[in-house]
Amino acid sequence: RLGSVVAYFTSAKFLLYVGHALSTWGDRMWHFAVSVFLVELYGNSLLLTAVYGLVVAGSVLLLGAIIGDWVDKNSRLKVAQTSLVVQNTSVILCGVILMIIFWFKTQLLTLYHGWVLTACYILVITIANIANLASTATAITIQRDWIVVVAGEDRSRLADMNATIRRIDQLTNILAPMAVGQIMTFGSPVIGCGFISGWNLMSMCVEYLLLWKVYQKTPTLALKSAKVEESELKQLNVKKESEVKPSEGVQLIVEKDVSGFEPQQEKEIGCTARIAEPFITFRDGWVAYYNQPVFLAGMGLAFLYMTVLGFDCITTGYAYTQGLSGSVLSLLMGASAVTGIMGTVAFTWLRRKCGLIRTGLISGVAQFACLILCAISVFMPGSPMDLTVSPFADISARLFESEPLPTIASPEDKPEMFFVTGMPNLFNGSTTPANSDPEMSPEPVPLISVSLLFAGVIAARVGLWSFDLTVTQLLQENVVESERGIVNGVQNSMNYLLDLLHFIMVILAPNPEAFGVLVLISVSFVAMGHIMYFRFAQKILGKQLFLCCTPDPKKVADSSPPGNTSTV
(Lines give C-alpha, C1' and ligand atoms only; values in the text may rest on other atoms or scores of the structure.)
Protein backbone atom coordinates (compact mmCIF):
# COMPACT_ATOMS: atom_id res chain seq x y z
CA ARG A 1 0.00 0.00 0.00
CA LEU A 2 2.79 2.41 0.90
CA GLY A 3 4.51 1.51 -2.35
CA SER A 4 1.45 2.45 -4.39
CA VAL A 5 1.24 5.82 -2.61
CA VAL A 6 4.91 6.51 -3.30
CA ALA A 7 4.45 5.39 -6.91
CA TYR A 8 1.57 7.86 -7.37
CA PHE A 9 3.48 10.82 -5.89
CA THR A 10 6.44 10.08 -8.15
CA SER A 11 4.37 9.35 -11.27
CA ALA A 12 4.48 11.57 -14.36
CA LYS A 13 0.81 12.43 -13.87
CA PHE A 14 1.28 13.81 -10.35
CA LEU A 15 4.45 15.70 -11.30
CA LEU A 16 2.50 17.27 -14.17
CA TYR A 17 -0.18 18.39 -11.69
CA VAL A 18 2.41 19.97 -9.38
CA GLY A 19 4.09 21.80 -12.23
CA HIS A 20 0.76 23.09 -13.51
CA ALA A 21 -0.25 24.24 -10.01
CA LEU A 22 2.99 26.22 -9.62
CA SER A 23 2.67 27.74 -13.09
CA THR A 24 -0.99 28.66 -12.66
CA TRP A 25 -0.42 30.14 -9.20
CA GLY A 26 2.28 32.44 -10.57
CA ASP A 27 0.13 33.39 -13.57
CA ARG A 28 -2.89 34.28 -11.45
CA MET A 29 -0.83 36.36 -9.04
CA TRP A 30 0.80 38.26 -11.88
CA HIS A 31 -2.40 38.89 -13.85
CA PHE A 32 -4.10 40.25 -10.75
CA ALA A 33 -1.17 42.35 -9.58
CA VAL A 34 -0.15 43.89 -12.92
CA SER A 35 -3.61 45.42 -13.42
CA VAL A 36 -3.53 46.96 -9.93
CA PHE A 37 0.04 48.21 -10.44
CA LEU A 38 -0.85 49.90 -13.74
CA VAL A 39 -3.91 51.55 -12.21
CA GLU A 40 -1.94 52.92 -9.26
CA LEU A 41 0.98 54.09 -11.39
CA TYR A 42 -1.14 56.08 -13.84
CA GLY A 43 -3.01 58.28 -11.40
CA ASN A 44 -5.54 55.53 -10.63
CA SER A 45 -6.91 55.74 -14.15
CA LEU A 46 -7.89 52.62 -16.09
CA LEU A 47 -6.09 53.79 -19.24
CA LEU A 48 -2.93 51.68 -18.88
CA THR A 49 -4.93 48.64 -17.80
CA ALA A 50 -7.18 49.00 -20.86
CA VAL A 51 -4.17 49.39 -23.16
CA TYR A 52 -2.54 46.32 -21.60
CA GLY A 53 -5.69 44.24 -22.07
CA LEU A 54 -6.03 45.38 -25.68
CA VAL A 55 -2.38 44.59 -26.48
CA VAL A 56 -2.61 41.13 -24.88
CA ALA A 57 -5.83 40.21 -26.69
CA GLY A 58 -4.61 41.56 -30.03
CA SER A 59 -1.27 39.77 -29.78
CA VAL A 60 -2.80 36.35 -29.09
CA LEU A 61 -5.38 36.95 -31.80
CA LEU A 62 -2.70 37.68 -34.40
CA LEU A 63 0.06 35.36 -33.20
CA GLY A 64 -1.93 32.37 -31.89
CA ALA A 65 -1.47 30.34 -35.08
CA ILE A 66 2.23 31.23 -35.32
CA ILE A 67 2.85 30.20 -31.70
CA GLY A 68 1.00 26.93 -32.31
CA ASP A 69 3.02 26.29 -35.46
CA TRP A 70 6.24 26.81 -33.48
CA VAL A 71 4.99 24.29 -30.91
CA ASP A 72 4.35 21.73 -33.67
CA LYS A 73 7.72 22.18 -35.39
CA ASN A 74 9.95 21.75 -32.34
CA SER A 75 10.56 19.00 -29.82
CA ARG A 76 8.25 18.88 -26.83
CA LEU A 77 10.95 19.40 -24.22
CA LYS A 78 12.48 22.35 -26.06
CA VAL A 79 9.10 24.05 -26.44
CA ALA A 80 8.11 23.54 -22.81
CA GLN A 81 11.45 24.67 -21.38
CA THR A 82 11.81 27.67 -23.69
CA SER A 83 8.30 28.99 -23.05
CA LEU A 84 8.75 28.41 -19.30
CA VAL A 85 12.03 30.36 -19.15
CA VAL A 86 10.75 33.22 -21.35
CA GLN A 87 7.53 33.57 -19.37
CA ASN A 88 9.10 33.63 -15.91
CA THR A 89 12.07 35.76 -16.95
CA SER A 90 9.69 38.33 -18.44
CA VAL A 91 7.62 38.47 -15.25
CA ILE A 92 10.77 38.83 -13.11
CA LEU A 93 12.04 41.64 -15.35
CA CYS A 94 8.66 43.38 -15.22
CA GLY A 95 8.64 43.15 -11.43
CA VAL A 96 12.09 44.74 -11.21
CA ILE A 97 11.13 47.58 -13.57
CA LEU A 98 7.93 48.26 -11.63
CA MET A 99 9.89 48.39 -8.37
CA ILE A 100 12.23 50.98 -9.90
CA ILE A 101 9.28 53.03 -11.13
CA PHE A 102 7.62 52.98 -7.71
CA TRP A 103 10.87 54.01 -6.02
CA PHE A 104 11.87 56.81 -8.44
CA LYS A 105 8.55 57.98 -9.85
CA THR A 106 9.07 61.58 -8.70
CA GLN A 107 12.42 61.83 -10.46
CA LEU A 108 11.14 60.07 -13.59
CA LEU A 109 8.26 62.55 -13.83
CA THR A 110 10.69 65.45 -14.19
CA LEU A 111 13.00 63.81 -16.77
CA TYR A 112 12.29 64.97 -20.33
CA HIS A 113 8.81 66.16 -19.36
CA GLY A 114 7.75 62.68 -18.26
CA TRP A 115 8.73 60.89 -21.48
CA VAL A 116 11.12 58.59 -19.60
CA LEU A 117 8.22 57.46 -17.39
CA THR A 118 6.05 56.94 -20.47
CA ALA A 119 8.83 54.82 -22.00
CA CYS A 120 8.89 52.75 -18.80
CA TYR A 121 5.13 52.17 -19.08
CA ILE A 122 5.53 51.02 -22.69
CA LEU A 123 8.40 48.73 -21.70
CA VAL A 124 6.38 47.14 -18.88
CA ILE A 125 3.36 46.51 -21.13
CA THR A 126 5.58 45.07 -23.90
CA ILE A 127 7.44 42.67 -21.60
CA ALA A 128 4.20 41.68 -19.84
CA ASN A 129 2.72 40.89 -23.25
CA ILE A 130 5.73 38.68 -24.09
CA ALA A 131 5.14 36.86 -20.80
CA ASN A 132 1.50 36.27 -21.77
CA LEU A 133 2.47 34.92 -25.21
CA ALA A 134 4.95 32.54 -23.58
CA SER A 135 2.21 31.49 -21.14
CA THR A 136 -0.03 30.75 -24.13
CA ALA A 137 2.67 28.52 -25.63
CA THR A 138 3.07 26.73 -22.29
CA ALA A 139 -0.67 26.11 -22.02
CA ILE A 140 -0.83 24.72 -25.56
CA THR A 141 2.09 22.34 -25.18
CA ILE A 142 1.26 21.08 -21.66
CA GLN A 143 -2.55 21.08 -21.56
CA ARG A 144 -3.17 20.11 -25.18
CA ASP A 145 -0.23 17.84 -26.01
CA TRP A 146 1.79 16.55 -23.03
CA ILE A 147 -1.30 15.55 -21.10
CA VAL A 148 -2.54 13.49 -24.08
CA VAL A 149 0.76 11.63 -24.34
CA VAL A 150 0.99 11.00 -20.58
CA ALA A 151 -2.58 9.64 -20.55
CA GLY A 152 -1.73 7.27 -23.41
CA GLU A 153 -4.62 5.57 -25.16
CA ASP A 154 -6.80 5.57 -22.04
CA ARG A 155 -9.50 8.18 -22.67
CA SER A 156 -10.97 7.83 -19.20
CA ARG A 157 -7.59 8.66 -17.74
CA LEU A 158 -7.35 11.64 -20.09
CA ALA A 159 -10.77 12.86 -18.92
CA ASP A 160 -9.73 12.53 -15.26
CA MET A 161 -6.51 14.42 -15.89
CA ASN A 162 -8.33 17.20 -17.72
CA ALA A 163 -10.80 17.51 -14.84
CA THR A 164 -7.98 17.65 -12.27
CA ILE A 165 -6.21 20.37 -14.24
CA ARG A 166 -9.43 22.43 -14.25
CA ARG A 167 -9.87 21.96 -10.49
CA ILE A 168 -6.37 23.29 -9.97
CA ASP A 169 -7.29 26.27 -12.17
CA GLN A 170 -10.43 26.96 -10.12
CA LEU A 171 -8.61 26.90 -6.80
CA THR A 172 -5.72 29.08 -7.95
CA ASN A 173 -8.15 31.58 -9.52
CA ILE A 174 -9.46 32.32 -6.01
CA LEU A 175 -6.49 31.72 -3.71
CA ALA A 176 -3.62 33.32 -5.67
CA PRO A 177 -5.17 36.83 -5.99
CA MET A 178 -6.19 36.67 -2.32
CA ALA A 179 -2.62 35.86 -1.28
CA VAL A 180 -0.90 38.57 -3.31
CA GLY A 181 -3.67 41.04 -2.42
CA GLN A 182 -2.96 40.57 1.28
CA ILE A 183 0.74 41.13 0.70
CA MET A 184 0.07 44.34 -1.23
CA THR A 185 -2.47 45.56 1.36
CA PHE A 186 -0.40 44.99 4.49
CA GLY A 187 2.90 45.69 2.76
CA SER A 188 3.28 47.92 -0.28
CA PRO A 189 3.28 47.67 -4.08
CA VAL A 190 7.07 47.45 -3.99
CA ILE A 191 6.90 44.45 -1.65
CA GLY A 192 4.26 42.92 -3.92
CA CYS A 193 6.55 43.32 -6.96
CA GLY A 194 9.46 41.78 -5.08
CA PHE A 195 7.38 38.86 -3.86
CA ILE A 196 6.06 38.04 -7.35
CA SER A 197 9.56 38.28 -8.88
CA GLY A 198 10.98 36.01 -6.18
CA TRP A 199 8.13 33.52 -6.55
CA ASN A 200 8.61 33.28 -10.33
CA LEU A 201 12.35 32.76 -9.94
CA MET A 202 11.81 29.90 -7.50
CA SER A 203 8.89 28.47 -9.46
CA MET A 204 10.85 28.52 -12.74
CA CYS A 205 13.62 26.35 -11.26
CA VAL A 206 11.19 23.84 -9.74
CA GLU A 207 8.98 23.66 -12.86
CA TYR A 208 12.05 23.17 -15.07
CA LEU A 209 13.08 20.18 -12.95
CA LEU A 210 9.52 18.77 -12.95
CA LEU A 211 9.28 19.01 -16.74
CA TRP A 212 12.54 17.10 -17.08
CA LYS A 213 11.29 14.40 -14.68
CA VAL A 214 7.99 14.01 -16.57
CA TYR A 215 9.91 13.82 -19.85
CA GLN A 216 12.14 11.09 -18.48
CA LYS A 217 9.24 9.07 -17.06
CA THR A 218 7.27 9.23 -20.34
CA PRO A 219 9.50 8.03 -23.20
CA THR A 220 6.74 8.60 -25.77
CA LEU A 221 7.13 12.36 -25.25
CA ALA A 222 10.39 12.10 -27.19
CA LEU A 223 8.47 10.78 -30.20
CA LYS A 224 6.64 13.39 -32.21
CA SER A 225 4.67 12.58 -35.33
CA ALA A 226 5.69 14.51 -38.41
CA LYS A 227 3.03 13.29 -40.80
CA VAL A 228 -0.63 12.42 -40.81
CA GLU A 229 -1.42 8.76 -40.37
CA GLU A 230 -4.84 7.18 -40.32
CA SER A 231 -4.02 5.42 -37.05
CA GLU A 232 -3.71 8.82 -35.39
CA LEU A 233 -7.28 9.73 -36.20
CA LYS A 234 -9.69 9.15 -33.35
CA GLN A 235 -13.38 8.37 -33.44
CA LEU A 236 -14.40 11.63 -35.11
CA ASN A 237 -11.36 12.58 -37.15
CA VAL A 238 -12.64 12.12 -40.69
CA LYS A 239 -12.73 14.39 -43.70
CA LYS A 240 -14.89 17.42 -43.04
CA GLU A 241 -16.47 17.58 -46.47
CA SER A 242 -15.97 15.65 -49.66
CA GLU A 243 -15.04 18.80 -51.57
CA VAL A 244 -11.84 19.31 -49.51
CA LYS A 245 -8.96 18.45 -51.81
CA PRO A 246 -5.97 16.45 -50.55
CA SER A 247 -3.66 19.36 -51.26
CA GLU A 248 -5.60 21.83 -49.16
CA GLY A 249 -5.68 22.76 -45.49
CA VAL A 250 -4.20 20.08 -43.27
CA GLN A 251 -2.06 18.37 -45.87
CA LEU A 252 -0.51 21.68 -46.89
CA ILE A 253 0.98 22.20 -43.46
CA VAL A 254 2.04 18.60 -43.01
CA GLU A 255 3.89 18.39 -46.30
CA LYS A 256 5.67 21.62 -45.52
CA ASP A 257 6.76 20.39 -42.08
CA VAL A 258 8.02 16.92 -43.01
CA SER A 259 10.29 17.92 -45.83
CA GLY A 260 13.67 16.42 -45.09
CA PHE A 261 15.48 19.14 -47.04
CA GLU A 262 13.90 22.09 -45.29
CA PRO A 263 17.06 23.16 -43.36
CA GLN A 264 19.02 23.41 -46.65
CA GLN A 265 16.16 25.22 -48.37
CA GLU A 266 16.03 27.85 -45.64
CA LYS A 267 19.41 29.17 -46.77
CA GLU A 268 17.99 29.83 -50.23
CA ILE A 269 14.81 31.53 -49.02
CA GLY A 270 14.79 35.17 -49.96
CA CYS A 271 13.90 38.16 -47.83
CA THR A 272 10.41 38.40 -49.32
CA ALA A 273 9.66 34.77 -48.51
CA ARG A 274 10.83 35.21 -44.93
CA ILE A 275 8.58 38.23 -44.51
CA ALA A 276 5.64 36.35 -46.01
CA GLU A 277 6.17 33.19 -43.94
CA PRO A 278 4.28 34.38 -40.82
CA PHE A 279 1.33 35.44 -42.95
CA ILE A 280 1.30 32.07 -44.72
CA THR A 281 1.43 30.31 -41.35
CA PHE A 282 -1.43 32.48 -40.11
CA ARG A 283 -3.53 31.60 -43.16
CA ASP A 284 -2.69 27.90 -43.06
CA GLY A 285 -3.51 27.75 -39.36
CA TRP A 286 -6.99 29.15 -39.82
CA VAL A 287 -7.59 26.89 -42.84
CA ALA A 288 -6.50 23.85 -40.83
CA TYR A 289 -8.76 24.92 -37.96
CA TYR A 290 -11.74 25.30 -40.28
CA ASN A 291 -11.13 21.87 -41.81
CA GLN A 292 -11.16 20.10 -38.45
CA PRO A 293 -14.14 17.80 -37.83
CA VAL A 294 -14.55 19.48 -34.42
CA PHE A 295 -14.60 22.99 -35.91
CA LEU A 296 -18.19 23.71 -34.85
CA ALA A 297 -17.50 22.47 -31.32
CA GLY A 298 -14.50 24.80 -31.03
CA MET A 299 -16.51 27.73 -32.37
CA GLY A 300 -19.24 26.94 -29.86
CA LEU A 301 -16.72 27.18 -27.02
CA ALA A 302 -15.32 30.47 -28.38
CA PHE A 303 -18.80 32.04 -28.45
CA LEU A 304 -19.08 31.49 -24.69
CA TYR A 305 -16.36 34.12 -24.23
CA MET A 306 -18.66 36.84 -25.60
CA THR A 307 -20.36 37.36 -22.25
CA VAL A 308 -20.50 39.65 -19.23
CA LEU A 309 -21.91 36.80 -17.14
CA GLY A 310 -18.73 35.93 -15.28
CA PHE A 311 -16.75 37.10 -12.28
CA ASP A 312 -14.59 39.61 -14.11
CA CYS A 313 -14.10 43.30 -13.35
CA ILE A 314 -17.21 44.26 -15.35
CA THR A 315 -19.73 42.13 -13.49
CA THR A 316 -18.02 42.91 -10.18
CA GLY A 317 -18.27 46.63 -10.83
CA TYR A 318 -21.95 46.31 -11.73
CA ALA A 319 -22.58 44.41 -8.49
CA TYR A 320 -21.05 47.27 -6.51
CA THR A 321 -23.38 49.78 -8.17
CA GLN A 322 -26.29 47.59 -7.06
CA GLY A 323 -25.28 47.71 -3.40
CA LEU A 324 -23.36 44.44 -2.90
CA SER A 325 -20.40 44.75 -0.57
CA GLY A 326 -16.92 43.41 -1.13
CA SER A 327 -17.40 40.69 1.48
CA VAL A 328 -20.57 39.45 -0.21
CA LEU A 329 -18.83 39.43 -3.58
CA SER A 330 -15.93 37.42 -2.19
CA LEU A 331 -18.41 34.84 -0.90
CA LEU A 332 -20.10 34.72 -4.30
CA MET A 333 -16.73 34.18 -5.98
CA GLY A 334 -16.04 31.34 -3.58
CA ALA A 335 -19.41 29.79 -4.42
CA SER A 336 -18.56 30.16 -8.11
CA ALA A 337 -15.33 28.24 -7.60
CA VAL A 338 -17.23 25.47 -5.79
CA THR A 339 -19.76 25.12 -8.62
CA GLY A 340 -16.91 25.14 -11.12
CA ILE A 341 -15.30 22.21 -9.33
CA MET A 342 -18.72 20.50 -9.30
CA GLY A 343 -18.74 20.95 -13.07
CA THR A 344 -15.46 19.03 -13.40
CA VAL A 345 -16.91 16.20 -11.28
CA ALA A 346 -20.10 16.20 -13.36
CA PHE A 347 -18.02 15.96 -16.54
CA THR A 348 -16.22 12.79 -15.52
CA TRP A 349 -19.47 11.16 -14.34
CA LEU A 350 -21.50 12.14 -17.41
CA ARG A 351 -18.76 11.05 -19.77
CA ARG A 352 -18.72 7.55 -18.28
CA LYS A 353 -22.53 7.28 -18.40
CA CYS A 354 -23.40 9.06 -21.65
CA GLY A 355 -20.26 9.40 -23.73
CA LEU A 356 -18.23 12.50 -24.56
CA ILE A 357 -20.45 14.10 -27.20
CA ARG A 358 -23.68 13.70 -25.23
CA THR A 359 -21.92 15.14 -22.18
CA GLY A 360 -21.44 18.35 -24.16
CA LEU A 361 -25.13 18.43 -25.08
CA ILE A 362 -26.27 17.93 -21.48
CA SER A 363 -23.77 20.50 -20.20
CA GLY A 364 -24.90 23.06 -22.75
CA VAL A 365 -28.57 22.63 -21.86
CA ALA A 366 -27.74 22.92 -18.15
CA GLN A 367 -25.73 26.11 -18.64
CA PHE A 368 -28.34 27.79 -20.83
CA ALA A 369 -31.17 26.84 -18.47
CA CYS A 370 -29.33 28.53 -15.58
CA LEU A 371 -28.61 31.63 -17.64
CA ILE A 372 -32.34 32.06 -18.23
CA LEU A 373 -32.39 33.34 -14.64
CA CYS A 374 -29.98 36.10 -15.70
CA ALA A 375 -32.27 37.08 -18.57
CA ILE A 376 -35.26 37.17 -16.22
CA SER A 377 -33.32 39.33 -13.73
CA VAL A 378 -33.17 42.13 -16.30
CA PHE A 379 -36.93 42.68 -15.94
CA MET A 380 -37.23 42.17 -12.16
CA PRO A 381 -37.56 44.88 -9.49
CA GLY A 382 -34.22 46.52 -8.76
CA SER A 383 -32.94 46.23 -12.31
CA PRO A 384 -31.49 49.59 -13.41
CA MET A 385 -32.15 48.97 -17.10
CA ASP A 386 -33.33 52.18 -18.75
CA LEU A 387 -32.78 52.49 -22.48
CA THR A 388 -33.67 56.21 -22.42
CA VAL A 389 -30.40 57.01 -20.60
CA SER A 390 -27.49 57.79 -22.88
CA PRO A 391 -24.58 55.39 -22.34
CA PHE A 392 -22.12 58.30 -22.31
CA ALA A 393 -24.12 60.79 -20.27
CA ASP A 394 -21.95 60.45 -17.17
CA ILE A 395 -18.71 60.72 -19.13
CA SER A 396 -19.96 63.76 -21.07
CA ALA A 397 -20.94 65.49 -17.83
CA ARG A 398 -17.46 65.00 -16.42
CA LEU A 399 -15.72 66.11 -19.59
CA PHE A 400 -17.75 69.24 -20.27
CA GLU A 401 -18.76 70.41 -16.81
CA SER A 402 -16.43 70.44 -13.84
CA GLU A 403 -14.72 67.08 -13.26
CA PRO A 404 -11.99 66.10 -15.70
CA LEU A 405 -10.92 62.50 -16.02
CA PRO A 406 -7.69 61.78 -14.09
CA THR A 407 -4.24 62.03 -15.59
CA ILE A 408 -0.85 61.11 -14.21
CA ALA A 409 -0.85 61.69 -10.47
CA SER A 410 2.06 62.53 -8.24
CA PRO A 411 3.26 59.94 -5.70
CA GLU A 412 1.95 62.08 -2.84
CA ASP A 413 -1.62 61.79 -4.04
CA LYS A 414 -3.82 59.46 -2.02
CA PRO A 415 -4.46 56.29 -4.06
CA GLU A 416 -8.09 56.16 -5.00
CA MET A 417 -9.68 53.96 -7.64
CA PHE A 418 -11.89 55.92 -10.00
CA PHE A 419 -14.77 54.52 -12.04
CA VAL A 420 -17.19 56.69 -13.93
CA THR A 421 -19.96 54.17 -13.34
CA GLY A 422 -19.68 54.38 -9.58
CA MET A 423 -17.44 51.38 -8.89
CA PRO A 424 -15.70 51.18 -5.52
CA ASN A 425 -12.41 52.34 -4.22
CA LEU A 426 -10.53 49.04 -4.22
CA PHE A 427 -7.56 50.43 -2.35
CA ASN A 428 -9.28 51.75 0.77
CA GLY A 429 -12.28 49.42 0.88
CA SER A 430 -14.96 52.07 0.32
CA THR A 431 -18.08 51.06 -1.55
CA THR A 432 -19.43 54.57 -2.01
CA PRO A 433 -20.29 55.26 -5.66
CA ALA A 434 -17.98 57.78 -7.26
CA ASN A 435 -20.79 60.04 -8.38
CA SER A 436 -22.80 60.10 -5.15
CA ASP A 437 -22.80 62.48 -2.19
CA PRO A 438 -21.47 60.66 0.89
CA GLU A 439 -23.64 62.79 3.18
CA MET A 440 -26.82 61.61 1.50
CA SER A 441 -28.03 58.12 2.35
CA PRO A 442 -29.20 56.54 -0.91
CA GLU A 443 -32.43 54.63 -1.06
CA PRO A 444 -31.91 50.88 -0.71
CA VAL A 445 -31.95 49.08 -4.04
CA PRO A 446 -34.14 45.94 -4.22
CA LEU A 447 -31.84 42.94 -4.47
CA ILE A 448 -34.20 40.65 -6.38
CA SER A 449 -32.68 41.46 -9.76
CA VAL A 450 -29.02 41.21 -8.76
CA SER A 451 -29.73 38.07 -6.69
CA LEU A 452 -31.27 36.33 -9.69
CA LEU A 453 -28.37 37.48 -11.84
CA PHE A 454 -25.69 35.97 -9.63
CA ALA A 455 -27.76 32.87 -8.89
CA GLY A 456 -27.84 32.19 -12.62
CA VAL A 457 -24.15 32.99 -13.11
CA ILE A 458 -23.03 30.74 -10.24
CA ALA A 459 -25.32 27.84 -11.16
CA ALA A 460 -24.29 28.04 -14.82
CA ARG A 461 -20.65 27.35 -13.89
CA VAL A 462 -21.46 23.66 -13.52
CA GLY A 463 -22.54 23.37 -17.14
CA LEU A 464 -19.89 25.83 -18.34
CA TRP A 465 -16.88 23.94 -17.02
CA SER A 466 -18.30 20.58 -18.00
CA PHE A 467 -18.83 21.89 -21.54
CA ASP A 468 -15.34 23.43 -21.60
CA LEU A 469 -13.81 20.08 -20.64
CA THR A 470 -15.88 18.31 -23.29
CA VAL A 471 -14.63 20.54 -26.12
CA THR A 472 -11.08 20.41 -24.75
CA GLN A 473 -11.07 16.60 -24.89
CA LEU A 474 -12.69 16.59 -28.33
CA LEU A 475 -9.80 18.74 -29.59
CA GLN A 476 -7.27 16.49 -27.87
CA GLU A 477 -8.73 13.29 -29.31
CA ASN A 478 -9.55 14.42 -32.82
CA VAL A 479 -6.73 16.73 -33.88
CA VAL A 480 -3.75 14.85 -35.28
CA GLU A 481 -0.58 15.03 -33.24
CA SER A 482 1.33 16.99 -35.87
CA GLU A 483 -1.26 19.81 -35.77
CA ARG A 484 -2.22 20.05 -32.11
CA GLY A 485 -0.20 23.21 -31.62
CA ILE A 486 -1.43 25.24 -34.56
CA VAL A 487 -5.08 24.21 -34.18
CA ASN A 488 -5.14 24.97 -30.46
CA GLY A 489 -3.30 28.22 -31.15
CA VAL A 490 -6.10 29.28 -33.50
CA GLN A 491 -8.66 28.14 -30.91
CA ASN A 492 -7.00 30.48 -28.39
CA SER A 493 -7.15 33.25 -30.98
CA MET A 494 -10.89 32.69 -31.43
CA ASN A 495 -11.41 32.78 -27.67
CA TYR A 496 -9.52 36.05 -27.39
CA LEU A 497 -11.40 37.52 -30.36
CA LEU A 498 -14.78 36.93 -28.77
CA ASP A 499 -13.44 38.11 -25.39
CA LEU A 500 -12.20 41.29 -27.06
CA LEU A 501 -15.61 41.84 -28.66
CA HIS A 502 -17.26 41.58 -25.24
CA PHE A 503 -15.02 44.36 -23.92
CA ILE A 504 -15.83 46.50 -26.96
CA MET A 505 -19.50 45.86 -26.25
CA VAL A 506 -19.03 47.17 -22.71
CA ILE A 507 -17.17 50.25 -23.99
CA LEU A 508 -20.13 51.06 -26.24
CA ALA A 509 -22.59 50.71 -23.32
CA PRO A 510 -20.66 51.38 -20.09
CA ASN A 511 -23.45 52.65 -17.82
CA PRO A 512 -25.38 50.41 -15.39
CA GLU A 513 -28.67 51.30 -17.12
CA ALA A 514 -27.47 49.44 -20.23
CA PHE A 515 -26.12 46.39 -18.39
CA GLY A 516 -29.41 44.55 -18.87
CA VAL A 517 -28.96 44.78 -22.64
CA LEU A 518 -25.46 43.34 -22.30
CA VAL A 519 -26.90 40.45 -20.28
CA LEU A 520 -29.45 39.65 -23.00
CA ILE A 521 -26.76 39.84 -25.71
CA SER A 522 -24.53 37.55 -23.65
CA VAL A 523 -27.29 34.95 -23.22
CA SER A 524 -27.90 35.12 -26.98
CA PHE A 525 -24.24 34.41 -27.77
CA VAL A 526 -24.19 31.50 -25.33
CA ALA A 527 -27.28 30.12 -27.08
CA MET A 528 -25.58 30.49 -30.50
CA GLY A 529 -22.49 28.69 -29.20
CA HIS A 530 -24.53 25.74 -27.99
CA ILE A 531 -26.52 25.66 -31.24
CA MET A 532 -23.19 25.24 -33.08
CA TYR A 533 -22.25 22.39 -30.78
CA PHE A 534 -25.70 20.83 -31.25
CA ARG A 535 -25.17 20.91 -35.03
CA PHE A 536 -21.76 19.26 -34.59
CA ALA A 537 -23.22 16.56 -32.33
CA GLN A 538 -26.13 15.99 -34.70
CA LYS A 539 -23.76 15.32 -37.61
CA ILE A 540 -21.48 12.99 -35.63
CA LEU A 541 -24.16 11.06 -33.74
CA GLY A 542 -26.25 10.77 -36.89
CA LYS A 543 -23.29 9.34 -38.76
CA GLN A 544 -22.56 6.87 -35.94
CA LEU A 545 -26.23 5.83 -35.86
CA PHE A 546 -26.18 5.29 -39.61
CA LEU A 547 -23.06 3.12 -39.36
CA CYS A 548 -24.60 1.11 -36.51
CA CYS A 549 -27.85 0.52 -38.39
CA THR A 550 -26.23 -0.43 -41.72
CA PRO A 551 -25.90 -4.23 -41.90
CA ASP A 552 -22.64 -5.79 -42.95
CA PRO A 553 -23.31 -7.61 -46.30
CA LYS A 554 -20.85 -10.36 -45.39
CA LYS A 555 -22.58 -11.04 -42.07
CA VAL A 556 -26.00 -11.03 -43.77
CA ALA A 557 -24.78 -13.61 -46.27
CA ASP A 558 -23.28 -15.77 -43.53
CA SER A 559 -26.48 -15.65 -41.47
CA SER A 560 -28.73 -16.69 -44.40
CA PRO A 561 -30.14 -20.23 -44.17
CA PRO A 562 -28.60 -22.82 -46.53
CA GLY A 563 -30.23 -22.89 -49.93
CA ASN A 564 -31.96 -19.57 -49.47
CA THR A 565 -31.06 -17.56 -52.56
CA SER A 566 -33.84 -15.02 -52.40
CA THR A 567 -32.90 -11.35 -52.17
CA VAL A 568 -34.29 -8.91 -49.65
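The values are calculated or read from the model by the stated rules, or taken from the named source; none is laboratory data. Being a predicted model, the structure only gives us computed values, none of them experimental. All Cβ positions, glycine included, derive from the backbone under ideal geometry; neighbour counts span all protein chains shown. Just the protein is used for accessible areas: all its heavy atoms, side chains included, with ligands, DNA and RNA removed. Shrake-Rupley method; radii C 1.70, N 1.55, O 1.52, S 1.80 Å.
Out of Gly298, Gly323, report the one residue that is out of contact with any Cys (no Cβ under 9 Å at 6 or more places or on another chain) and open to solvent by less than 30 Å² (accessible area, probe 1.4 Å). Break it down stepwise before answering.
Details: Gly323 fails: open to solvent by less than 30 Å² (accessible area, probe 1.4 Å).
Going through Gly298, Gly323 in turn, the sole match is Gly298.
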Review point. How many of the residues making up the range 23-34 are touching a Cys at 6+ places or on another chain (Cβ under 8 Å) and either more than 17 Å from Ala134 (Cβ to Cβ) or not assigned by the TED database to the domain that holds Ala176 (or both)?
Key: 1
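Quick test for you: out of Ile122, Ile66, pick the one residue that is in contact (Cβ under 8 Å) with a residue 12 or more places away in the chain and either assigned to a helix (DSSP H, G or I) or not assigned by the TED database to the domain that holds Asn478 (or both).
Numbers: Ile122 fails: in contact (Cβ under 8 Å) with a residue 12 or more places away in the chain.
Of the residues listed, the single one that is in contact (Cβ under 8 Å) with a residue 12 or more places away in the chain and either assigned to a helix (DSSP H, G or I) or not assigned by the TED database to the domain that holds Asn478 (or both) is Ile66.
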Check your understanding: Can you find even one residue in the range 40-53 that is farther than 30 Å from Thr281 by Cα, open to solvent by less than 10 Å² (accessible area, probe 1.4 Å) and in a helix (DSSP H, G or I)?
Key -> yes
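Kindly establish whether Leu209 is modelled with pLDDT of 95 or more and exposed (fewer than 14 other Cβ atoms within 10 Å of the Cβ). Spell out how you get there, then give the answer.
Working: modelled with pLDDT of 95 or more: yes; exposed (fewer than 14 other Cβ atoms within 10 Å of the Cβ): yes.
So Leu209 passes the test.
Taking Leu61 as the residue in question, decide whether it is in contact with a helix residue (DSSP H, G or I) (Cβ under 9 Å, 6 or more places away or on another chain), at pLDDT below 85 and in a helix (DSSP H, G or I).
Details: in contact with a helix residue (DSSP H, G or I) (Cβ under 9 Å, 6 or more places away or on another chain): yes; at pLDDT below 85: no; in a helix (DSSP H, G or I): yes.
Spelling it out, it is not the case that Leu61 is in contact with a helix residue (DSSP H, G or I) (Cβ under 9 Å, 6 or more places away or on another chain), at pLDDT below 85 and in a helix (DSSP H, G or I).
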